[in-house]
Amino acid sequence: MKTRLIVSASLAGLLATACGGPRAFTRGTYEDPNTIEMLSDQFNENDLQLIAKKMVNSLAASPRFSQPPGPQLPVVLVGRLKNKTSEHIDMVSLGDKIQTGLAQTGRFALLDKAAREDLAEEYEYQQSGYVRPDSAKGPGEQASADYLLTGELASIVQQVGNDKLVYYKMTVKLNNVRTGIVEWTDEKEIRKKFERKPISW
């Protein structure tokens with residue numbers, strides 16, 4: 001009797017594992033990062049790419065910056081991009097995407113806010129005596145930002161019955177550091193509709 005109970009329990013365990021036990025992702029394929037797929041109703045990489053592309057193209061085509069660059073490129077610092085939604089969204093990645101796009105246009109010089117602490121450490125090392133004095137770099141010669149790019153991401157969610165609408169609006173501004181004037185601004189709107197359906201097993 002005891003042996004029969006042990007066998008039954010083992011069979012039950014095997015069946016549970018086969019039907020609904022832990023599973024692992026064991027096979028993967030490379031996908032085109034520009035392919036639009038909405039696997040959930042959350043902010044995703046496609047939304048990030050759409051926003052960054054719109055802002056880069058709009059700024060590069062604006063009358064202030066659409067002309068061929070002169071000997072001195074306008075120096076832009078990508079500042080804080082605020083998340084006003086209820087979701088956890090990596091705004092640093094969005095800022096990096098915009099910064100990369102602006103650099104690739106060849107019309108802007110970019111400052112990296114995140115690298116400033118690393119630069120300060122490097123100055124300390126180069127001034128420590130380990131580096132030849134005639135080639136050592138020090139503070140006081142960094143370029144200053146001409147423009148500060150800031151922005152906000154907001155969202156509105158509406159849900160009625162099985163239908164859900166998610167609306168995002170990203171507003172970005174380019175502020176003249178010397179005057180404080182907003183010399184360019186634009187926004188990107190994204191509206192997505194989802195329908196809740198029963199899951200079949």
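The values are calculated or read from the model by the stated rules, or taken from the named source; none is laboratory data. Everything quoted here is computed from the prediction, not taken from an experiment. We place every Cβ from the backbone using ideal geometry, glycine too, and count neighbours over all the protein chains shown. Keep in mind that these areas ignore ligands, DNA and RNA; they rest on the heavy atoms of the full protein, side chains included. Shrake-Rupley method; radii C 1.70, N 1.55, O 1.52, S 1.80 Å.
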Any pair with Cβ under 6 angstrom, 6 or more apart, that starts in segment 93-109 at a residue that is under 16 Å from ASP47 (Cα atoms) and hydrophobic (A, V, I, L, M, F, W, C) and ends at one that is open to solvent by 20 Å² or more (accessible area, probe 1.4 Å) and assigned to a helix (DSSP H, G or I): LEU94/LEU48
Members of segment 127-163 found to be touching a strand residue (DSSP E or B) at 6+ places or on another chain (Cβ under 9 Å), at pLDDT below 90 and not in a loop (DSSP other than H, G, I, E, B), listed by number: GLN159, ASP163
Tabulated pairs, segment 161-187, first without any contact (Cβ under 8 Å) to a residue 12 or more places away in the chain, second open to solvent by 60 Å² or more (accessible area, probe 1.4 Å) and part of a strand (DSSP E or B), C-beta under 7 angstrom, 6+ apart or interchain: VAL182/LYS173
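Considering only segment 121-138, state which residues are under 26 Å from VAL76 (Cβ atoms) and open to solvent by 100 Å² or more (accessible area, probe 1.4 Å).
Taking segment 121-138 and keeping what is under 26 Å from VAL76 (Cβ atoms), we get 121-123, 137-138.
Of everything in segment 121-138, those that are under 26 Å from VAL76 (Cβ atoms) and open to solvent by 100 Å² or more (accessible area, probe 1.4 Å) turn out to be GLU121, LYS137.
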Residue that is of a type in the set (Val, Ile, Thr) and modelled with pLDDT of 90 or more, where the choices are ILE36, ILE51: ILE51
Any pair with Cβ under 6 angstrom, 6 or more apart, that starts in segment 48-68 at a residue that is closer than 22 Å to LEU153 by Cα and ends at one that is not in a helix (DSSP H, G or I): ILE51/MET170; ILE51/LYS188; LYS54/LYS188; MET55/VAL172; SER58/ASP186; LEU59/TRP184; ALA60/ARG107; SER62/TRP184
Hits in segment 180-201 - residues which are open to solvent by 80 Å² or more (accessible area, probe 1.4 Å), within 30 Å of ARG64 (Cβ to Cβ) and part of a loop (DSSP other than H, G, I, E, B): ILE181
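Applying the selection to segment 59-72, what residues are surrounded by fewer than 16 Cβ atoms within 10 Å (Cβ to Cβ) and within 25 Å of SER144 (Cβ to Cβ)? So that I can check it myself, show each step before the final result.
Within segment 59-72, the subset surrounded by fewer than 16 Cβ atoms within 10 Å (Cβ to Cβ) is 61-64, 66-72.
Once the filter is applied, which keeps residues that are surrounded by fewer than 16 Cβ atoms within 10 Å (Cβ to Cβ) and within 25 Å of SER144 (Cβ to Cβ), segment 59-72 yields SER62, PRO63, ARG64, SER66, GLN67, PRO68, PRO69, GLY70, PRO71, GLN72.
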Some residue of segment 80-101 being within 19 Å of THR185 (Cβ to Cβ), open to solvent by 100 Å² or more (accessible area, probe 1.4 Å) and of a type in the set (D, E, K, R): yes
Given (1) modelled with pLDDT of 95 or more; (2) open to solvent by 70 Å² or more (accessible area, probe 1.4 Å); (3) of a type in the set (A, V, I, L, M, F, W, C), number of the condition ALA114 does not satisfy: (1)
